[in-house]
Amino acid sequence: MAEAQGRRRASRQVLLASLWLALLILVVKVWIGWATQSLSLLAESLQTLVNGFSILLSTIAITSRYPASREVGGHGKVESVLALLLAALMGFACLSLLVVSAQQLEAIAQEASWLPVRVNSPLLQLLGVVIATNFCLACFQRYEAGLLENSALRFSAGHLFQDTWLMLPVLAGLVGVARGYLWLDPVLAMLLVLAAICNCWRVFNWQLPSVMRQIAIAPEALAQTIHQVEGITHCYGIQSRGVVGRQVFVEMRLILHPECLSIARSIAERVERAIRDRYGPVKVVIYIDSDRPKSD
């Protein structure tokens, strides 16, 4: 239990630091995009917005102590409302960028007057620093994810790497615009809007199991599976949320035979393996009690 709490605290600190940096990167990207009037950079900023939102959800989930009103490893009503607000914001921003990009392409084709993209060396250098910072943050999250065995950090690191690679064609596009290839910016903006929509869907799809509030697996069925592991005298406080077959979050308390306390970690691993073999992907939080509670 102490080890699990230590990992949770460390994961929370990493997620909070990542959230702060993600917000800083988002602000810098939007500022550069607004200063240069670059639609592609504004569209790419949507990737960072979605990544930051995903980190926020993971931070809230891991910070909560899971009271009775909150599902195990999941989110409450506030986070669900925030998800709906993000979906509305993404819809408005994506539609606006697509319309403006189409208008800009039409203006370029007709050689009509329009507000040109303003590119200069200092802004490009600042954008390079942003890309390097994003890459370093992704590497840091990937390292900590392996160290702390945290799937949320691993998922976030993957999206940060994707965000970093998408910044490279944006940077190349801005250089191309400075050399006279004006059509690059609106075309890249359209492609990046589609990429942002796909990224947002992947985030919602990954977070969906933790948003679900209904009981995933009956406690009686879980107890039957748990008691198949030797060394357990009693299990109680069993809770499960999520979607069976995709991701299930399980929390429980176990009382072990006194002779088995020295191998508590091994027993916990066997319990998680038994549940995973029967129900598919799971995330299990196990608390080992020394004495049986007075009431179940």
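The values are calculated or read from the model by the stated rules, or taken from the named source; none is laboratory data. Values in this document were obtained by computation on a predicted structure and should not be read as measured data. Every residue, glycine as well, gets a Cβ built from its backbone with ideal geometry; the counts of neighbours run over all protein chains shown. When the accessible area is computed, the model is the full protein with side chains, heavy atoms only, and any ligands, DNA or RNA have been set aside. Shrake-Rupley method; radii C 1.70, N 1.55, O 1.52, S 1.80 Å.
Across the range 151-170, the number of residues qualifying as open to solvent by less than 20 Å² (accessible area, probe 1.4 Å) and within 15 Å of the chain's Cα centre (by Cα) comes to 7. Determine if the range 156-165 includes at least one residue that is at pLDDT 80 or above and more than 25 Å from L57 (Cβ to Cβ). Among the residues of the range 156-165, not one is at pLDDT 80 or above and more than 25 Å from L57 (Cβ to Cβ), which makes the answer no. In the range 266-296, the qualifying residues are those that are of a type outside the set (D, E) and open to solvent by 90 Å² or more (accessible area, probe 1.4 Å), and the one that is modelled with the lowest pLDDT is K294.
The residues listed here are G128, G33, G74; of these, the one that is at pLDDT below 90, touching a strand residue (DSSP E or B) at 6+ places or on another chain (Cβ under 8 Å) and not β-branched (V, I, T) is G74. Among the numbered criteria (1) assigned to a helix (DSSP H, G or I); (2) at pLDDT below 85; (3) open to solvent by less than 50 Å² (accessible area, probe 1.4 Å), which single criterion is violated by L42? Single failed check for L42: (2). For beta carbons closer than 6 Å, sequence separation of 6+ or different chains, a first residue in the range 179-202 that is more than 23 Å from A83 (Cα to Cα) and a second that is open to solvent by 30 Å² or more (accessible area, probe 1.4 Å), the qualifying pairs are L182/I108; W183/I108; P186/L105. Taking each residue of the range 131-147 that is assigned to a helix (DSSP H, G or I) and looking for partners that are open to solvent by 80 Å² or more (accessible area, probe 1.4 Å) with beta-carbon atoms closer than 6 Å, six or more apart or interchain, yields A145/R154. If you check Q207, Q228 for being at pLDDT below 85 and open to solvent by 60 Å² or more (accessible area, probe 1.4 Å), only one passes: Q228.
For first residues located in the range 1-29 and under 30 Å from L254 (Cα atoms) and modelled with pLDDT under 90, partners that are open to solvent by less than 80 Å² (accessible area, probe 1.4 Å) and charged (D, E, K, R) and lie 6+ apart or on another chain with Cβ distances below 7 Å form the pairs V14/E144.
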